[in-house]
């Protein structure tokens, strides 16, 4: 039987983008889950619609680029009907990066349209990105299915889609099968045997900077303890973040800059716990990756963190408004190797049981197969 073909599109950031990010990795995982479900998945376009700020010049340029791309795809498909996919799948459309390609092409060529992680932003004013807001709402209403990962997105879609008959929850997930084996005897990162704390976050203004500030304040409450810190990340706020951490002895601090995603796993094996507050984290893939490596987590109970970390199972979550409590949670894990080992084992089992790609692949399989069946029946009748 011929594999059904899915056209995959990510208007915010291509899964082939050279710079690592959670958004890029989740896009890749979405493609992987559909491949495991038995579909042929092709990246239909790398054109983006992302507008960081509501600027007319940028909007006009993005619209022009997307219009040209739509014309190219339309011409290719008309010239060779065999290239028309069976279904269009858009990952992460929102007002700053609406899908201006998928809905029009899907309707023109009579193929089902599906989204995952459609959402809104609370940034700016109600009049900002108006066209993008309208485009996302139109897309999710017409979609055959909208896969939802976060509670906040579910609430948003409830406001937009009457009855919510075309929405389904899926958990954030990893593909554990492609992770390298855990390093059995990792090389020490520091010339001491104190626990190694790991922080991973892009160094940019906004929520990421707020997390670095919260982490610095928490660590200041435990300067009498023996610990080391590894910081992975790069960005325009690097100098500011370096200043935030200048209270740490240079011999106990390593700032690696950005590292390749495939190198992150070996680094995690050299560390003892993940300390990333998670302010504004949409999903926080790094929490799943850390737990999959057996690292316990210390984070704030905020944003998307509780979706991927169960308190007292794979880590400790504290009140987002209490930096002292966050410091106490980190200190507890630093001081108690037995607790770290317990949470590490529990966290690994938690990811295996609730956040592995196999479960999502099965959901994709049953749902998309039904969508394709209904579409075939509508065409024949």
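Packing-based ranking of 275-284, 90-99 yields 90-99, 275-284, ordered from highest to lowest mean Cβ neighbour count within 10 Å.
Subtract the Cα-Cα distance of residue 56 and residue 238 from 0.36 nm times their separation in residues, and report this length gain in nm to one decimal. Mind showing how you got there, number by number?
On the way: separation 182, 0.36 × 182 = 65.52 nm, distance 3.01 nm.
Value of the extension gain: 62.5 nm.
Per-residue counts of other Cβ atoms within 10 Å, averaged by peptide: what ranking do you get for 354-366, 169-181, 294-306, highest first? Each step should come with its number before you reach the end.
Working: 354-366: 18.1, 169-181: 15.4, 294-306: 23.8.
So the peptides 354-366, 169-181, 294-306, ranked by packing, come out 294-306, 354-366, 169-181.
Where does the chain land at 222 nm, in deg cm²/dmol rounded to the nearest 500, when only DSSP H runs of n ≥ 4 count, each adding -39500 (n - 2.57), divided by all residues? For the chain, the value works out to -14000 deg cm²/dmol.
Percent antiparallel among DSSP beta bridges with both residues in the chain, to the nearest 5? Intermediate values should be presented prior to the final figure.
Working: 1 of 38 bridges.
Of all bridge pairs located within the chain, approximately 5 percent are antiparallel.
By how many degrees, between 0 and 90 and to the nearest 10, does the Cα long axis of helix 357-380 differ from the longest principal axis of the chain? Rounded to the nearest ten degrees, it is 10.
Plainly put, region 133-177 has a radius of gyration that is 1.05 times its Kirkwood radius, both from alpha-carbon atoms, as the Rg/Rh ratio. Specify the angular offset, from 0 to 90 degrees and rounded to the nearest 10, of the alpha carbon long axis of helix 56-79 from the longest principal axis of the alpha carbons in the chain. Rounded to the nearest ten degrees, it is 50.
For region 177-354, how big is the tail of P(r) above 29 Å, as a whole percent of Cα pairs?
Numbers: 1669 of 15753 pairs.
Of the Cα pairs, 11 percent sit more than 29 Å apart.
Angle of helix 22-36 to the longest C-alpha principal axis of the chain, folded into 0 to 90 degrees and rounded to 10: 60°.
Whole-percent P(r), the chain, all Cα pairs, 20 Å bins from 0: 27, 53, 19, 1.
A short reminder: the numbers here are calculations on the coordinates, not readings from a lab. Treat the numbers as computed from the prediction; the structure is a model and nothing was measured. When we count neighbours, we look across all protein chains shown, and the Cβ atoms used for this are built from the backbone with ideal geometry, even at glycine.
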